[in-house]
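S.K.: After the structure tokens below, expect a handful of questions from me.
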Amino acid sequence: MAIAATKTVAFNKGASVQDTALAKHDLSQTEWRKAWGIDKNAQIRLVRLAFMQYQHPDLEVVKRFMLDFGMTPVKTTEQDVWFRGYGSDAYVYHARKGSKAFLGGAFVAETFQDLERYAMIKDDTPLLTNGIEKMDHAPGGGSIVTSTDPEGFPLSLVYGEDQREPDEMPPEILMNDEVRKPRQRKFQRFTAGPATVFRLGHYGLVVSDFERQSRFYASNFNLVPSTLLHVDIPATEGEPQRMYVAMFSHIDRGTELVDHHSFFLAQAAPGGETHVHHSSFEIHDLDSQMMGHDWLKKQGYRLVWGIGRHIAGSQIFDYWRDPNDFMVEHYIDGDIVNEDTPVSRDLASSAQDAAWGPEVPDDFTR
Ligand SMILES: [Fe+2]
């Protein structure tokens with residue numbers, strides 16, 4: 001009697017693993033500061049990422065998209081639209097009328113003096129604002145100063161913006177698993193529509209000189225890498241040479257837990273263009289993400305990559321193109337870290353890996 005060959009497979013599994021137990025080639029944040037020669041006390045202190053700024057030729061088209069993406073317009077003028085999420089920020093996205101342009105992210109600074117220090121940071125680049133300006137026209141008010149990084153990407157610091165009373169959080173959807181059944185005599189019911197945006201999570205740039213750009217951000221601001229990605233260049237003799245090509249940075253708030261990355265930088269491919277890669281907005285849960293995905297698809301917008309789960313940052317992601325080709329992301333379940341989280345170092349190829357989801361398309365990596 002013939003015996004069938006036994007096929008063995010390793011079944012999939014998942015776990016939430018402690019940060020210190022993960023990285024094989026990690027170093028502490030203190031060691032990283034020492035290696036990069038970073039003086040923590042000389043830095044401009046960021047508190048959190050507040051809003052993104054983009055310029056679009058047709059504000060009505062952007063408004064339509066942002067509604068479908070899950071943002072609420074707070075104020076509209078001839079020249080501007082400000083959109084909010086349901087969290088406490090007065091707004092998370094500022095669209096200005098004009099030719100297509102990326103106008104930069106805006107971080108909340110710890111003090112007004114941080115804005116003054118930023119305005120003085122270097123005198124060879126003119127400020128894009130008239131010194132420190134009052135944002136009387138914008139929801140929440142406050143002050144802003146905008147300058148550029150060494151490659152000319154705008155970057156704003158804001159202070160004194162009023163926060164709003166957040167809307168009530170969408171209800172938690174109870175999930176039964178194979179053993180635990182907390183959802184007793186309660187049935188799952190949903191209403192289709194856009195995934196409502198909670199807040200801005202992060203954004204990132206594709207740059208031509210990663211080394212210079214990463215030094216600029218990591219020296220001047222309390223931005224600390226959670227993950228550094230490198231490529232290894234084979235050497236004629238000895239160890240291959242390690243070249244860093246991407247940095248996912250959190251805002252250092254000491255022991256306070258913060259997002260794994262609020263800002264990232266990636267080296268452009270040789271001959272590739274520099275550009276803003278994407279900005280990313282946090283939404284509620286997986287059901288809202290799936291329904292938001294369906295909604296955007298039905299409206300005919302262009303999907304880039306999703307839905308899947310990242311490795312660096314662990315987020316469940318969904319990337320789309322807005323009508324002017326800027327990439328925006330919905331995410332849930334991102335990692336949170338603090339000063340005790342090691343700086344993990346990994347091969348750049350891992351950034352294109354996902355724990356699960358579709359293959360990464362060229363449109364994401366360009
Ligand atoms: Fe992202």
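S.K.: Please list the non-local residues whose amide H lies under 5 Å from the amide H of Ala90, H modeled 1.01 Å from N, same-chain partners needing a gap of 5 or more.
M.R.: Here Arg164 satisfy the definition.
S.K.: Additional query: Which residue fluctuates most in the GNM of the chain (Cα springs below 10 Å): Lys75, Lys298, Lys40?
M.R.: Among Lys75, Lys298, Lys40, the largest GNM mean-square fluctuation belongs to Lys298.
S.K.: If each Cα of region 218-257 is one equal point scatterer, what is log10 of I(q)/I(0) from the Debye formula at q = 0.14 Å⁻¹?
M.R.: -0.46
S.K.: Follow-up question, since we're still on this one. Can you compute the modelled spin-label distance between Ala192 and Asp294, with each label point 7 Å from Cα toward Cβ, in nm?
M.R.: Roughly 0.6 nm, to one decimal.
S.K.: Okay, moving on. Rg over Rh of the chain, using C-alpha atoms and the Kirkwood radius, what does it come to?
M.R.: That ratio equals 0.99.
S.K.: Two decimals is fine: what is log10 I(q)/I(0) at q = 0.14, 0.18, 0.23, 0.24 Å⁻¹ for region 91-193, from a Debye sum with one equal scatterer on every Cα and no solvent?
M.R.: After summing over all Cα pairs, the log10 values are -0.67, -0.90, -1.31, -1.37.
S.K.: Separate question: Calculate one ³J(HN,Hα) per residue across region 146-157 by plugging θ = phi - 60° into the Karplus curve 6.51 cos²θ - 1.76 cosθ + 1.60, and present them in order as whole Hz with x for glycine and proline.
M.R.: 10, 10, 10, 7, x, 9, x, 6, x, 8, 10, 10
S.K.: Would you kindly calculate the translational diffusion coefficient of region 137-292, applying Stokes-Einstein with the Kirkwood radius from alpha carbon pairs, for 10 °C and a viscosity of 1.306 mPa s, and quote it in µm² s⁻¹ without decimals?
M.R.: 82 µm²/s
S.K.: Follow-up question, since we're still on this one. Classify region 1-137: rounded, prolate or oblate, from the alpha-carbon gyration tensor (a ≥ b ≥ c, eigenvalue square roots; a/c under 1.5 rounded; otherwise prolate if a/b is larger than b/c)?
M.R.: oblate
S.K.: Right, here's the next one. If you bin every alpha carbon distance in region 153-231 into 10 Å steps from zero, what whole percent lands in each bin?
M.R.: 10, 27, 21, 22, 18, 3
S.K.: Phe281's amide H: which non-local residues (gap 5+, or another chain) put their own amide H closer than 5 Å, with H modeled 1.01 Å from N in plane and none for Pro or chain starts?
M.R.: Counting only residues 5 or more places away or on other chains, the set is Gly201, Glu329, His330, Tyr331.
S.K.: Obtain the nm distance between the two label points defined at His137 and Leu303 by a simple spin-label model: each point lies 7 Å from its Cα along the Cα-to-C-beta direction.
M.R.: 3.9 nm
S.K.: Find the centroid of the Cα atoms in region 93-150 and in region 199-237, then give the distance between the two in whole Å.
M.R.: 22 Å
S.K.: A follow-up question, please. Could you give the semi-axes, largest first, of the ellipsoid that matches region 274-358, computed as the square roots of 5 times the alpha carbon gyration tensor eigenvalues and rounded to whole Å?
M.R.: Rounded to whole Å, the semi-axes are 24, 16, 12.
S.K.: Still on this structure, please answer the following. Determine the distance separating the Cα centre of region 276-302 from the Cα centre of region 303-325; give it in Å without decimals.
M.R.: A separation of 8 Å, based on Cα centres.
S.K.: If you average 1/r over all unlike Cα pairs in region 218-366 and invert the result, what Kirkwood radius do you get in angstrom?
M.R.: Kirkwood hydrodynamic radius for region 218-366: 16.7 Å.
S.K.: Just rank Met243, Met66, fewest to most, by other beta-carbon atoms within 10 angstrom.
M.R.: Fewest-to-most ranking of Met243, Met66: Met243, Met66.
None of the figures in this text is laboratory data; all of them are computed from the coordinates on show. These numbers were taken from a predicted model, which means no experiment stands behind them. Counting neighbours? That spans all protein chains shown, and the Cβs are built from the backbone with ideal geometry, glycine included.
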